[in-house]
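The values are calculated or read from the model by the stated rules, or taken from the named source; none is laboratory data. A quick note: this is a predicted structure, and the numbers were derived from the prediction, not measured. Glycine also receives a Cβ, built like all others from the backbone with ideal geometry; neighbour counts cover every protein chain displayed.
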């Protein structure tokens, strides 16, 4: 792939077009490799790629057998990155993730000192499999790593390799033997991706592929440098003020304790709304969605396209919602219908036109 960042002296329009080409090409190559193994799940893969291209973490939720683990492990194999799979169980300890200090003796001098042995979290792609099968103490071991990209042990800061993603899976919390993730940890996941059952034709293809002797070889099509470059390109995508304000209105409309008027569905069913990370991730994810859609700038439709996976896990519903069968997806869908988009002012339009010219 060409390096658009090397052409610093060229116009912004040319850089934007190059960014679109590079990001869409990367997504096509990754998708082609993943679909050698995984059948269907185009929406799920698209949302995972957006999270990766933004440098965010993703939580995949679905019943067992829907290829959550297979999808993540296959995606990791298509990139030349370090990969660690951690199976979360009730007896898993925090040090099993982050590492531990051991006493090391120097044979020549007889002196002893503590040495930190890194755990499996010191990798680029972390598959946290069935993350809600382990108690909160171990779940919390990921908090610092996910937010600060570091691990602190014995007062010493250990920086994690870059890029770094936590791609976690969890079974529905209604199932036996699960520990729901606390809200603070859920908020650190950029996306909450829901996986549904395949269609009949897709399930037929799954059965045919998985019961044959054919072995499909995967190729690594992106390096760590490629991923970091794409993440930089995503952040350079311009966003008009009225689009950012649309994202803010969506997130702020869920905050029942603010004084501004709220939609009826929020007043009736929401007990706690989305925080500032929702606004940040709406805009950032919309930038990646714009590039993947072939657009060099963000439009309100790109915000709408990423609203569900960004916001569904950041809204806490009350008992009325449970009694009436209302989910967070219902709330977000209603907000998308009722939240207006202000037209950009002429000055904003002129700036955007100049950038795109």
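What to note about this one:
- Inside segment 214-259, residues that are under 14 Å from residue 274 (Cβ atoms) and outside the structural domain of residue 329 (by TED's automatic domain parsing) make up a count of 0.
- Between 230, 256, 265, 326, the distinction of being within 25 Å of residue 168 (Cβ to Cβ) and modelled with pLDDT under 90 belongs to 230 only.
- Unmet requirement for residue 172, which otherwise passes all of (1) without any contact (Cβ under 8 Å) to a residue 40 or more places away in the chain; (2) exposed (fewer than 13 other Cβ atoms within 10 Å of the Cβ); (3) under 30 Å from residue 251 (Cα atoms): (1)
- Answer residue from segment 175-191, given it is part of a loop (DSSP other than H, G, I, E, B), touching a strand residue (DSSP E or B) at 6+ places or on another chain (Cβ under 9 Å) and at pLDDT 85 or above and is surrounded by the fewest Cβ atoms within 10 Å (Cβ to Cβ) among those: 188
- Within segment 33-68, the set of residues being touching a strand residue (DSSP E or B) at 6+ places or on another chain (Cβ under 8 Å) and either surrounded by fewer than 18 Cβ atoms within 10 Å (Cβ to Cβ) or assigned to a loop (DSSP other than H, G, I, E, B) (or both) comprises 55, 56, 57, 62.
- Against the conditions (1) loosely packed, with under 13 Cβ neighbours inside 10 Å; (2) modelled with pLDDT of 90 or more, residue 347 satisfies every one except (2).
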